[in-house]
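Q: Have a look at this one before I ask anything.
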Amino acid sequence: MTTTTSAPRTRRGRRARLPYVLLIPAVAVLAVGMGYPVYWQITTSLHTYGLAQQFGQPAPFVGLANYTRILGDERLWAVVVRSVLFCLVNAFLTVGIGVGVALLMRAVNRIVRVVLQVSMLLAWAMPMVAAVTVWKWLFDWRTGVVNWLLVQLGATSYDQHNWFAQPLSFFFVASVIIVWMSVPFVALSVFAALTQVPDEVVEAARIDGAGPVATFRWITVPMIRPVLAIVLLLQIIWDLRVFAQIRLLQDSGAPVSETNLLGNFIFELGIGRQDFASAAAVSILVLALTVLVSWPYVRSLLKEDRS
């Protein structure tokens, strides 16, 4: 009797351990691929690491001196505030427009829906450098289509207007590019979630007298909330780490010190000034900021698992 009952227990124990065993290769790849860079960044941030160390000179250990110096730099806090505001504005704007496009695809007929999906896939698949180059041509102060169109509409003040000379207009152009490149992902993800909302539930809400806005707010949004949460979280993380778009736009004559975001500030410290230790310290701060921004979503996931 004991042997008979112990066999099922052994099989159940093996089944319970099997998912964890299958996760070992993926965890190992992540540990090597992400663990070593993070370890190198932390180690570098605790030493003096400049151009001399690149040529083999020893890197003196300075502890938290790099963090103390960089945290006392007013430029860092200006960049942090600028990056967080830019990130939040673009993330919420992207999700809002993406949800609107998803609802549009849900409402139109099949042919129009396919055209919209193909158009968004083409925009999403377009190489980033090529996309930024096209937008730079459109906003060019000498031959740009945007200035020409505004002048034709009567806004003569935009004749040869340099969009990249002032920080506010610079970030407006940057936001247009980033939102344009990010909306397809959000729209397609939300549209996939909308297809899982039962038509019977929506129809029942309409029969009970709920209008389109009330149906969307009280029926649709609760059902697609997990998808909305994850796309918003991903957009916040991606927009917080944006670098290449800003760097390419700065080459058009923008004031670098007033348009730097965190990624560009790290690039300036590391590549521009050869201060790799300070660049590593700022990178660790960006990692901590990313974790801080992501924590509310992770906490909500943990609460759902416990319930």
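Coordinate-derived values only; no laboratory data. It should be emphasised that the depicted structure is a prediction, and the values quoted were computed from it without experimental measurement. Every residue, glycine among them, receives a Cβ derived from its backbone with ideal geometry; neighbour counts consider all protein chains shown.
Q: Over the Cα atoms of the chain, how large are the radius of gyration and the largest Cα-Cα distance (Dmax), in Å?
A: Rg then Dmax for the chain, in Å: 25.3, 94.
Q: Could you compute the net charge surrounding Ala52? Neighbours are other residues with a C-beta less than 14 Å from the C-beta of Ala52; K and R count +1, D and E count -1.
A: Numbers: positive: Arg273; negative: Asp275.
Net charge around Ala52: 0.
Q: Quick one: order Trp124, Trp135 by neighbouring beta-carbon count within 10 Å, fewest to most. Show your work: numbers first, answer last.
A: On the way: Trp124 16, Trp135 21.
Ascending number of Cβ neighbours within 10 Å: Trp124, Trp135.
Q: Which FRET efficiency value, to the nearest 0.05, do you get for Leu51 and Ala155 by plugging their Cβ-Cβ distance into 1/(1 + (r/R0)^6) with R0 = 45 Å?
A: Working: r = 49 Å, r/R0 = 1.08.
Given R0 = 45 Å and the Cβ-Cβ separation, E is 0.40.
Q: If the chain between Thr290 and Phe172 were fully stretched, how many nm would it gain, using 0.36 nm times the residue separation less the Cα-Cα distance? Mind showing how you got there, number by number?
A: Values: separation 118, 0.36 × 118 = 42.48 nm, distance 2.35 nm.
Extra length available between Thr290 and Phe172 comes to 40.1 nm.
Q: Something else: Could you work out the relative contact order of the chain? I mean the mean sequence separation of Cα pairs under 8 Å and 6+ apart, divided by the number of residues, in percent. Working shown, then result.
A: On the way: 274 pairs, mean separation 81.7, N = 307.
Computed value for the chain: 27 percent relative contact order.
Q: Students often get this wrong: which residues of segment 236-261 have the backbone nitrogen under 14 Å from the point 7 angstrom along Cα-to-C-beta of Arg142?
A: From segment 236-261, the list is 252-253.
Q: Also, I was wondering about something else. Around His47, which amide H atoms from residues at least 5 apart in sequence, or from another chain, sit under 5 Å from its own amide H, with H modelled in the peptide plane?
A: Val62
Q: Using each residue's phi in segment 35-52, evaluate 6.51 cos²θ - 1.76 cosθ + 1.60 at θ = phi - 60° and report the 3J(HN,Hα) Karplus result to the nearest Hz, with x for Gly and Pro.
A: Karplus-based 3J(HN,Hα) across segment 35-52 equals x, 5, x, 5, 4, 5, 5, 5, 4, 5, 5, 9, 10, 8, 9, x, 5, 5 Hz.
Q: Could you work out how far apart the two model spin labels at Val115 and Leu23 are, taking each label as a point 7 Å from the Cα in the direction of the beta carbon, and quote it in nm?
A: Distance between label points: 4.7 nm.
Q: Suppose every Lys and Arg Cβ carries +1 and every Asp and Glu Cβ carries -1, with no other charges. What dipole size does segment 209-283 come out with about its Cα centre, to the nearest 20 debye? Don't jump to the answer; show the numbers that get you there.
A: Working: 5 positive and 5 negative charges, 78 e Å.
With Lys and Arg at +1 and Asp and Glu at -1, about 380 debye.
Q: Something else about it: Given a cut-off of under 8 Å on Cα pairs at least six residues apart, what relative contact order in percent is computed for segment 123-281? Can you show the working numbers first?
A: On the way: 126 pairs, mean separation 36.8, N = 159.
Worked out over segment 123-281, it gives 23 percent.
Q: Can you find, among Ala281, Met223, Phe139, the residue farthest towards the positive end of the dipole of the chain? Put +1 on the C-beta of Lys and Arg, -1 on that of Asp and Glu.
A: Result: Met223, furthest along the dipole toward the positive end.
Q: In whole Å, how far is the Cα centre of segment 78-131 from that of segment 190-258?
A: If you average the Cα positions of each part, the centres end up 9 Å apart.
Q: Taking every Cα atom in segment 51-204, find the radius of gyration and the maximum pairwise distance Dmax, and write them in Å.
A: Expressed in Å, the Cα Rg and Dmax of segment 51-204 come to 22.6, 73.
Q: Between Ser300 and Trp180, 0.36 nm times their residue separation minus their Cα-Cα distance comes to what? Display every interim value, and only then the final one.
A: Numbers: separation 120, 0.36 × 120 = 43.20 nm, distance 2.93 nm.
The span from Ser300 to Trp180 would gain 40.3 nm if fully extended.
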